[in-house]
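Visitor: Mind looking over this structure? Questions follow.
The values are calculated or read from the model by the stated rules, or taken from the named source; none is laboratory data. These figures come from a predicted structure and were not determined experimentally. Positions of Cβ are backbone-derived with ideal geometry, glycine not excepted, and every protein chain shown enters the neighbour counts. The accessibility values were calculated without ligands, DNA or RNA, using every heavy atom of the protein model including side chains. Shrake-Rupley method; radii C 1.70, N 1.55, O 1.52, S 1.80 Å.
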Amino acid sequence: MIKILSYILSFIFYILFLLLLVIFHPIQVICHKLFGYQAHKSSVDVLNFFLMRVVVFLGVRITSLPKVNLPTDRPLIIVSNHQGVYDIPPIVWIFRKHHPKFISKKELAKNIPSVSYNLRHSGAALIDRKNRAQAIPEIYKLGQLIAENNYAASIFPEGTRSKTGVMKPFKAGGIEALLQAAPNALVVPFVVDGNYKIEEKGMFPLCLGAKVRYKVLDPIEPAAYTAIELTKMVEALIKKELNQ
């Protein structure tokens with residue numbers, strides 16, 4: 001019975017997830033081409049609100065969705081642990097007042113409805129993860145963008161998602177590049193706790209009773225630290241929050 005239920009609910013989930021991406025793709029295009037950046041951003045915010053909530057069809061309950069009270073007159077660097085694709089929508093929604101921009105592998109900027117269009121037109125850093133000579137300048141360019149506009153850059157220093165929820169070591173290179181371009185940015189640790197449970201279930205991720213929470217930790221003024229010190233500090237803070 002549980003297996004049949006997982007098939008049914010997973011099918012509903014995938015249909016709704018795909019429908020949201022397909023429906024919002026032309027909405028994004030129209031907003032961007034006819035009304036400009038702010039309209040496009042608003043359409044992306046709404047899309048990600050629904051993408052964040054649609055996991056309820058898998059039996060997942062979001063137990064904590066924080067509101068942020070951070071300055072909008074300076075850039076932010078959101079530093080988060082990474083548990084899967086479902087980490088993205090809550091960051092977009094929670095930090096929507098700060099215009100979060102992501103560092104993404106360049107392959108995602110092609111052929112995915114809504115996602116690829118937004119990556120290409122939102123100011124994201126599209127990197128080749130195997131080519132540091134390309135990646136670091138691209139991240140630096142994102143740092144310049146957030147410095148000029150007081151936007152937020154979101155980075156996952158683990159590089160790839162944790163399939164078990166246990167954090168991988170943080171790498172400092174991306175944070176260093178962002179801080180070089182935006183030295184006055186406020187560093188904001190962000191905790192993702194539980195999203196790995198969805199993707200570890202495979203194609204039929206029934207997660208009845210699974211709880212997911214998100215938490216924004218106290219921001220850090222970066223001036224007194226090197227990028228390596230700052231990276232280790234944020235890693236330790238997130239690990240502590242996750243009891244790891």
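Visitor: Of LYS106/LYS141; LYS101/LYS130; LYS130/LYS239; LYS33/LYS130; LYS101/LYS171; LYS197/LYS239, which sit over 23 Å apart, Cα to Cα? Don't skip to the end; give the middle numbers.
Guide: On the way: LYS106/LYS141 15 Å; LYS101/LYS130 21 Å; LYS130/LYS239 27 Å; LYS33/LYS130 33 Å; LYS101/LYS171 19 Å; LYS197/LYS239 17 Å.
Check vs 23 Å cut-off fails for LYS130/LYS239; LYS33/LYS130.
Visitor: Percent of accessible area on the chain owned by carbon and sulfur, 1.4 Å probe?
Guide: Solvent-exposed carbon and sulfur of the chain make up 60 percent of the total.
Visitor: Per residue, how many Å² of accessible area does the chain show with a 1.4 Å probe?
Guide: Normalised by residue count, the accessible surface of the chain is 50 Å².
Visitor: Then there's this: Can you work out D for the chain in µm² s⁻¹ from Stokes-Einstein, where Rh is the Kirkwood radius over C-alpha pairs, the temperature is 20 °C and the viscosity is 1.002 mPa s?
Guide: The estimated diffusion coefficient comes to 116 µm²/s.
Visitor: Give me the Debye-computed log₁₀ of I(q)/I(0) at q = 0.25, 0.30 Å⁻¹ for segment 76-126, equal point scatterers on Cα only, no solvent, two decimals.
Guide: Rounded to two decimals, the profile gives -1.13, -1.40.
Visitor: Then there's this: Residues of segment 126-143 with backbone nitrogen within less than 18 Å of a virtual label 7 Å along the Cα-to-Cβ line of LYS110, please, listed as ranges.
Guide: Zone members listed by number: 126-131, 134-135.
Visitor: Can you compute the modelled spin-label distance between ALA224 and ARG132, with each label point 7 Å from Cα toward Cβ, in nm?
Guide: Between ALA224 and ARG132, the label points sit 3.0 nm apart.
Visitor: I've got another one for you. Rounded to the nearest whole Å³, what is the per residue volume of the convex hull around the Cα atoms of segment 106-150?
Guide: 59 Å³
Visitor: Using +1 on the beta carbon of Lys and Arg, -1 on that of Asp and Glu, and nothing else charged, what's the dipole of segment 1-85 about the Cα centre, debye to 20? Show your work: numbers first, answer last.
Guide: Numbers: 7 positive and 2 negative charges, 21 e Å.
Value, rounded to 20: 100 debye.
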